């Protein structure tokens, strides 16, 4: 039991890091997305992590209400988070290459939604009829729970396309950001919003009578060289 709680906590922490990186990616590379909408998606994603931690620490044999509450919050908000991300990705008019990622994300969302619907229907039906076999019910609920988790895990690798456009830097102070754009972006999801390559320019102003390799112009007062 302690091992499952430790692994559940570690996986939830990793999930929090993934959602924070995705939030930062949208903030840097998707300026058309409203900041309020981006924060709302982040809060929904973090709520799913809290639900999974609750479901991992509270076992079904200890408290069914606590375990089912954590499971429904985790899977429910996780499904909503993935659907919102999938909708956001589809609305950005992706290229032909990244359109396959959109289709895969839709498939992963369907894999997650179907077990959630089946799980809810099973619980409501058994609570009304009160004639379900306890052993078969536990087996069915565990199977549907793992199937939903499989759908959420299938969605995770698709973030690699976004995260390869981010890089880490050592901040000079706590107020500085430690996540920024890569100098050479490989962002292909939103070609209508090209990312600029970060470079450093040094401009030197020269008087008109010291221009190198040219005759002194009459109307030019100053010129510059870019290194």
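The values are calculated or read from the model by the stated rules, or taken from the named source; none is laboratory data. These numbers come from a predicted model, not from an experiment. FYI the Cβ positions are ideal-geometry reconstructions off the backbone, even for glycines, and counts take in every protein chain you see.
Residues in the range 112-142 that are in contact with a helix residue (DSSP H, G or I) (Cβ under 7 Å, 6 or more places away or on another chain), over 19 Å from residue 55 (Cβ atoms) and assigned to a helix (DSSP H, G or I): 126 alone. Take the conditions in contact with a helix residue (DSSP H, G or I) (Cβ under 9 Å, 6 or more places away or on another chain), modelled with pLDDT under 85 and under 28 Å from residue 13 (Cα atoms) and apply them to residue 79. Does it pass? Considered against the rule, which asks whether it is in contact with a helix residue (DSSP H, G or I) (Cβ under 9 Å, 6 or more places away or on another chain), modelled with pLDDT under 85 and under 28 Å from residue 13 (Cα atoms), residue 79 comes out as no. Residues of the range 26-43 that are crowded, with 17+ Cβ neighbours inside 10 Å and under 30 Å from residue 141 (Cβ atoms): 41, 42.
State which residue is nearest to the chain's Cα centre (by Cα) when the search covers only the range 143-170 and only residues that are closer than 22 Å to residue 52 by Cα and exposed (fewer than 13 other Cβ atoms within 10 Å of the Cβ). Here the answer is 157.
Is it the case that residue 119 is under 29 Å from the mean Cα position of the chain (by Cα) and surrounded by 19 or more Cβ atoms within 10 Å (Cβ to Cβ)?
Answer is yes for this residue.
Does residue 52 satisfy the criteria of being at pLDDT below 85, within 19 Å of residue 151 (Cα to Cα) and surrounded by 14 or more Cβ atoms within 10 Å (Cβ to Cβ)?
No, not satisfied.
Residues in the range 40-78 that are in contact (Cβ under 8 Å) with a residue 60 or more places away in the chain and under 18 Å from the mean Cα position of the chain (by Cα): 75, 78. Residue count for the range 92-105 under the criterion of being surrounded by fewer than 16 Cβ atoms within 10 Å (Cβ to Cβ) and modelled with pLDDT of 80 or more: the result is 3. Only a single criterion out of (1) in contact with a strand residue (DSSP E or B) (Cβ under 7 Å, 6 or more places away or on another chain); (2) within 27 Å of residue 142 (Cα to Cα) is not satisfied by residue 57, namely (1).
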